[in-house]
1. Are any residues in region 27-47 modelled with pLDDT of 95 or more and among the small types (Gly, Ala, Ser), and if so, which ones?
2. Step by step: first the residues of region 9-35, then only those that are within 8 Å of the chain's Cα centre (by Cα) and not small (Gly, Ala, Ser), then the one that is surrounded by the fewest Cβ atoms within 10 Å (Cβ to Cβ). Which residue is that?
3. What's the number of the condition Trp18 fails, among (1) at pLDDT below 95; (2) in contact with a helix residue (DSSP H, G or I) (Cβ under 8 Å, 6 or more places away or on another chain)?
4. When region 39-52 is examined, which residues are found to be closer than 18 Å to Trp18 by Cα, touching a helix residue (DSSP H, G or I) at 6+ places or on another chain (Cβ under 6 Å) and aliphatic (A, V, I, L, M)?
5. Name the single residue that is nearest to Met1 (Cα to Cα) among those in region 36-45 being surrounded by fewer than 18 Cβ atoms within 10 Å (Cβ to Cβ) and in contact (Cβ under 8 Å) with a residue 12 or more places away in the chain.
6. Looking at the structure I just gave you, is Lys64 part of a helix (DSSP H, G or I), out of contact with any strand residue (DSSP E or B) (no Cβ under 8 Å at 6 or more places or on another chain) and among the basic types (Lys, Arg)?
7. Need the failing condition index for Phe50 against (1) surrounded by 15 or more Cβ atoms within 10 Å (Cβ to Cβ); (2) assigned to a loop (DSSP other than H, G, I, E, B), just the number.
8. Taking Lys64 as meeting all but one of (1) surrounded by 12 or more Cβ atoms within 10 Å (Cβ to Cβ); (2) touching a Ser or Thr at 6+ places or on another chain (Cβ under 9 Å), write down the number of the exception.
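The values are calculated or read from the model by the stated rules, or taken from the named source; none is laboratory data. From a predicted model like this one, the values you see are computed outputs, not experimental measurements. Cβ coordinates were reconstructed from backbone atoms using ideal geometry, including for glycine residues, and neighbour counts include every protein chain displayed.
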Amino acid sequence: MTDDELLHAALRGGETEWTKLHEICRDRAQAEALARMLERYANAENDAAFAWAKVLTDLHPGLKINLSTVRSSST
């Protein structure tokens, strides 16, 4: 899968896509690619992104994923 496909499956996929993605991310290089895409395009307030960050770090101890935090404005 391309990096964009990994990100799309993680953030917008359903159970079938997530099962496939979980298998793909057993490979450390694929997990790292998804981690970088999550860091770049997602944030900690996105439930799917947060869940995938947890899955990836469980699969690959030592993998660091820094999801940005979103601050809501009062406007």
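1. Result: Ala29, Ala31, Ala33, Ala35.
2. The extreme case among them is Leu11.
3. (1)
4. Within region 39-52, Ala42, Ala48, Ala49 meet the criteria.
5. Selected residue: Arg36.
6. no
7. Of (1) surrounded by 15 or more Cβ atoms within 10 Å (Cβ to Cβ); (2) assigned to a loop (DSSP other than H, G, I, E, B), only one is false for Phe50: (2).
8. Failing condition for Lys64: (1).
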